[in-house]
Amino acid sequence: MSTVPLDRAGDGRPRARGDPGIQEPVRGPVEVVRILVRALDGVPAEQLPARLCEAVLSLLPVSGLAMTMSGEDGGATALCASDETAGRLGEIQFGLGEGPGVRAVEVFAPVLAPDLASGSDAHRWPLFAPRAVEAGARAMFSMPLGTSGVVLGTMDLYRAAPGMLAAPDLRGAMLVADAVTVLLAAFPHGPTPVEGLTAWLRDAESHRTEVYEAAGMIMSQLRGVGPAEALALLRARAFRENRTATEVARDVISRATDFRGID
């Protein structure tokens, strides 16, 4: 992955003061895979995704991270998140259809946003950026997972303070993304990890299914509205109310929210 050209945003400023770097140089993805495998050894299946996020976070100079798996329909399913802010960033990107992670999947290259509150990053994602800052992320760095032929998803890193990743830290992040790709590809071949991965993906997929179920109900409420428009209306309401698409979808499904007569 380190040979892929960067989709770079920002002015190349050094990382924020006080952010730690990787303590020891990471020699390559094989070494990182070994570190992650040791961290996951003996972990119960249902806890594997969360432990994977914890292990990766310990290797990188960021405030938090989330991993998402790409769906065939263009959507994304959360695999794990290190904290509430990281999870929120994934929800916001899915709800709005824009953000560094969305772009990283499109171009299969790292997408770097060192300051979401100002400059080119804020203009690049006019809907996502202010919501991300409000959620607690000032900088975000998205690394694609997979290969140029098969995109598995993204590893979305964030920092609470603005600043570009230093060159060694960026190389380390890309090596970790390579290692995570290898590990995810190996999951289905193990007797235990696949159970945990499948369980987490099934639970995460149910959240996305709720959004599409709610879109179907909106179509029934508003005759003549198609699937894309219904989903857009749901996402717009989520944005207007500063909520996630999943939260609004649950209100629609429970009939606490009805789109008839709503401007």
Checklist entry - Within the range 10-31, is there a residue that is at pLDDT 65 or above and open to solvent by 80 Å² or more (accessible area, probe 1.4 Å)? => result yes
Checklist entry - Tally time: how many residues in the range 102-160 are more than 16 Å from Leu175 (Cα to Cα) and in a loop (DSSP other than H, G, I, E, B)? => result 14
Next on the checklist: Here are the criteria: (1) surrounded by 24 or more Cβ atoms within 10 Å (Cβ to Cβ); (2) more than 21 Å from Leu165 (Cα to Cα); (3) among the aliphatic types (A, V, I, L, M). Tell me which single one Leu96 does not satisfy.
Outcome noted: (1)
Item to check | Residues of the range 222-246 satisfying the condition of being surrounded by fewer than 17 Cβ atoms within 10 Å (Cβ to Cβ) and assigned to a helix (DSSP H, G or I) | outcome: Pro227, Ala228, Glu229, Ala232, Ala236, Arg240
Next on the checklist: Six or more apart or on different chains, Cβ atoms under 8 Å: show the pairs whose first residue is in the range 237-258 and more than 19 Å from Ala78 (Cβ to Cβ) and whose second is in a loop (DSSP other than H, G, I, E, B) and among the polar types (S, T, N, Q).
Outcome noted: Arg237/Thr257; Asp251/Thr257
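Out of Ala185, Ala173, Ala109, I need the residue that is more than 13 Å from the chain's Cα centre (by Cα), at pLDDT 90 or above, among the aliphatic types (A, V, I, L, M) and surrounded by fewer than 21 Cβ atoms within 10 Å (Cβ to Cβ). Which one? Talk me through it step by step, then tell me what you get.
Details: Ala185 fails: at pLDDT 90 or above; Ala173 fails: surrounded by fewer than 21 Cβ atoms within 10 Å (Cβ to Cβ).
Being more than 13 Å from the chain's Cα centre (by Cα), at pLDDT 90 or above, among the aliphatic types (A, V, I, L, M) and surrounded by fewer than 21 Cβ atoms within 10 Å (Cβ to Cβ) holds for just one of Ala185, Ala173, Ala109, which is Ala109.
The values are calculated or read from the model by the stated rules, or taken from the named source; none is laboratory data. As the structure is a prediction and not an experimental result, all values here were calculated from the model. Cβ: placed from backbone, ideal geometry, glycine included. Neighbour counts: every protein chain shown. All accessible areas refer to the heavy atoms of the entire protein, side chains included, with ligands and DNA or RNA removed. Shrake-Rupley method; radii C 1.70, N 1.55, O 1.52, S 1.80 Å.
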